[in-house]
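Here is the structure we will look at.
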Amino acid sequence: MRRLLRGALFPVSFLAFWEFCAQSGLLRYDSLSWPSAIAAAFWTALLDGSILLSTWQTCQSALLGLAIATVIGILLGAILGLWTPVARMAGPTFDALRAIPSIAWMPVALLVFGWGIAMESTVVAYACTWPILIATWAAVRGVEPRLLEVADTLEMGFWERLWKIVLPAAFGRINVGLRIALGVALVVSVTVEIAVNPRGLGYALVLAQQSLRADLMYAQILWLALIGFLLNAALKTVDSARASGGGL
């Protein structure tokens, strides 16, 4: 609780100073709004369900893309980490693909899937695959060789070795990639919605801006920050449970 209070000191002080400046007339810019108006706009959007619907649409695309990226990234990272010859052959290809910004794939995804969750999730999955793949690759390469020798002795197949030996030993470092990818998923999902996909919180931000609703726009931005914080806290909880003996 003490740590939470210390962490809240700066943002609460900033919001109080912002409100004071707005109410005293020091700030006269309509584009800045003020905390009490932002809170009222958020409450109204919460009551009418609009912000909840937009949140569901954004999280749906972001988490679906993250799930796809998790499967692909962990699988490819494990293959590259376990089989050095494959890593040497595929490494340059992955380096070239990783250099392409995920947003550059939006026109391609739009052409293939049209508007909607499939297009958005595809772009999110592409962006999230790389941090998970790289973290898994490095984590698998760092697995204690004696554990792999045990797997060889027991004549484990690839999937059994991956599930029983590699992932439990490497999950702590893989989780770092997952936490990075989670933030990337939210950022890319909102960016796609702002740019081309008329759904979710990104599109709601555009509508608020076009309607000159600065209060609602800031409320949605702060809501996005809270969502990102809660999702990251959830992953940290999973990692803490694993470290304390709770398993994967």
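The values are calculated or read from the model by the stated rules, or taken from the named source; none is laboratory data. Note that the structure is predicted; figures quoted are calculated from it, not measured. Ideal geometry is used to build each Cβ from the backbone, glycine not excepted, and the neighbour counts take in all protein chains shown. Surface areas here come from the heavy atoms of the whole protein model, side chains and all, with no ligands, DNA or RNA. Shrake-Rupley method; radii C 1.70, N 1.55, O 1.52, S 1.80 Å.
Provide the gained length on full extension for the span Ala96 to Arg6, in nm with one decimal, where the gain is 0.36 nm per separating residue minus the Cα-Cα distance.
28.0 nm
Among Ile74, Leu235, Ile51, which residue has its Cα furthest toward the positive end of the charge dipole of the chain, with +1 on Lys/Arg Cβ and -1 on Asp/Glu Cβ?
Projecting each Cα onto the dipole axis, the largest value belongs to Leu235.
Which three numbers, in whole Å and largest first, are the semi-axes of the equivalent ellipsoid of the stretch 85-132 derived from its Cα gyration tensor as √(5λ)?
Working from the Cα gyration tensor, I get semi-axes of 25, 10, 9 Å.
Identify, among Val140, Val124, Phe94, the residue whose Cα sits farthest towards the positive end of the charge dipole of the chain, taking +1 on the Cβ of Lys and Arg and -1 on the Cβ of Asp and Glu, with the dipole about the Cα centre.
Of the listed residues, the answer is Val140.
Roughly speaking, what is the stretch gain from Thr237 to Ala118, that is 0.36 nm per residue apart minus the C-alpha to C-alpha distance, in nm to one decimal?
That pair, Thr237 and Ala118, stretches by 39.9 nm at full extension.
Each label point is 7 Å from the Cα along the Cα-to-Cβ direction; what then is the distance between the points at Gln210 and Ile103, in nm?
Inter-label distance under the simple model: 1.9 nm.
Among Trp83, Leu207, Ala40, whose Cα lies farthest out toward the positive end of the dipole of the chain, if unit charges sit on the beta carbon of Lys, Arg (+1) and Asp, Glu (-1)?
My answer, from the dipole projection, is Trp83.
With only Lys, Arg, Asp and Glu charged, each at its Cβ (+1 for the first two, -1 for the last two), find how big the charge dipole of the chain is about the Cα centre; round to the nearest 20 debye.
So the magnitude is around 500 debye.
Sort Ile165, Ile68 by heavy-atom solvent-accessible area, probe 1.4 angstrom, most to least.
Ile68, Ile165
Ignoring ligands, DNA and RNA, what percent of the 1.4 Å accessible area of the chain is carbon and sulfur?
That share works out to 70 percent.
In nm, to one decimal, how far is the modelled label at Trp56 from the one at Ile72, with both set 7 Å along Cα→Cβ?
Label at Trp56, label at Ile72, 2.7 nm between them.
Round to the nearest 10 and give me the degree value, 0 to 90, for the angle of helix 167-195's Cα axis relative to the longest principal axis of the chain.
Between helix and principal axis, roughly 40 degrees.
What distance in nm separates the simple spin-label points at Leu32 and Met89, each placed 7 Å from Cα in the Cβ direction?
Here the modelled spin labels are 6.1 nm apart.
Could you run the Karplus curve 6.51 cos²θ - 1.76 cosθ + 1.60 with θ = phi - 60° over the stretch 197-208 and give me ³J(HN,Hα) per residue in whole Hz, x for Gly and Pro?
Each residue's phi maps through the Karplus curve to give 9, x, 7, x, 5, x, 5, 4, 4, 4, 4, 5 Hz.
Given the DSSP H assignment, sum -39500 (n - 2.57) over each helix run of at least 4 residues in the chain and divide by its residue total; what's the result at 222 nm in deg cm²/dmol, nearest 500?
Dividing the helical sum by the residues of the chain leaves -27000 deg cm²/dmol.
In degrees between 0 and 90, to the nearest 10, how far off the longest principal axis of the chain does helix 35-48 point, with axes built from Cα atoms?
Between helix and principal axis, roughly 70 degrees.
Over the chain, with the other protein chains present, what is the accessible area per residue in square angstrom, probe 1.4 angstrom?
So the chain comes to 58 Å² accessible per residue, rounded to a whole number.
Place a +1 charge on the Cβ of each Lys and Arg in the stretch 1-144 and a -1 charge on the Cβ of each Asp and Glu, then give the dipole magnitude about the Cα centre in debye, rounded to the nearest 20.
Dipole of the stretch 1-144, to the nearest 20 debye: 440 debye.
Answer with a single label: of [x] 32, 20, 17; [y] 29, 20, 17; [z] 41, 23, 14, which was calculated as semi-axes √(5λ) of the Cα gyration tensor in Å from the structure in view?
For semi-axes √(5λ) of the Cα gyration tensor in Å, the calculated option is [z].
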